[in-house]
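Please treat every number below as a calculation from the coordinates, not as lab data. The shown structure was predicted, so the numbers you read here are calculated from the model rather than taken from an experiment. Heads up, the Cβs are rebuilt from the backbone with ideal geometry, glycines too, and the neighbour counts pull from every protein chain shown.
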Amino acid sequence: MSVEAIEESERHARHEGYSVRVPVPDDVEVEIIDGRKVRVSGPKGVLERELWYPDVKIVVVQRREADEEAAEEATETGAADEETEETEGGRSITEIVVSSDTQRRKKKAIVGTFAAHIRNMIIGVREGFYYKLRVFRSHFPIQVSVSKDSVIISNFLGERKSRIAKILEGVSVEIRKGEGGKEETEIIVRGINKESVGQTAANIERATRIKRRDPRVFQDGIYIVEKGTGEA
């Protein structure tokens, strides 16, 4: 392909635009604040996040199921803080449309990232997220407890000083003790913010990282074994 053809293709892409639609369930409400913040409310709580980038718009579109052409027009002409409502025919559907006026690679990546954040916020306020960690020991019994905003890990490798893992805001941690010492202790991390839940689980796992020892021999620690949505 010639240089002229490549430049012409890029000019065409810049003017074509790119958008991603995110369906909004009936039990979830989405609000765009000042064109910069997205607030999502659902059965499990409320999440708010700033999502802004030059020339990237986030629009709440309320349309009828059969009115595809009107939805396309709303995507192209809606402002970031507007709500467009269609009133004729079919079942009412609410969508979040994240769009850019160009198809450049960076803008498409930003649009996709914003759409993914909004999807995770919707899942969080409807179902919630969880991580399951398991305590493994082969040398010393490990004691795990929760104190306010921290997980306290005691007697790890026989250490006198406890190791501490921070619990992020909006995240709950449950300790499930093994029965009769035969089953490993489990730690359940729950919350509606996917990133906070994941970071808290990572903090707990990282707190028992072993240094200056042979990992083939010392496999004691707390490890993430499962993650998902809903109840663990």
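Quick notes on this one:
- Exceeding the 30 Å Cα-Cα cut-off - candidates 177/227; 107/132; 106/148: 107/132; 106/148
- Annotation: amide H of residue 208 within the under-5 Å range of 222, sequence separation 5 or more or interchain, hydrogens built in the peptide plane.
- Calculated FRET value between residue 218 and residue 195, using beta carbons and R₀ = 25 Å, to 0.05: 0.25
- The slack in the chain from residue 143 to residue 169, taken as 0.36 nm per residue of separation less the alpha-carbon distance, amounts to 7.0 nm.
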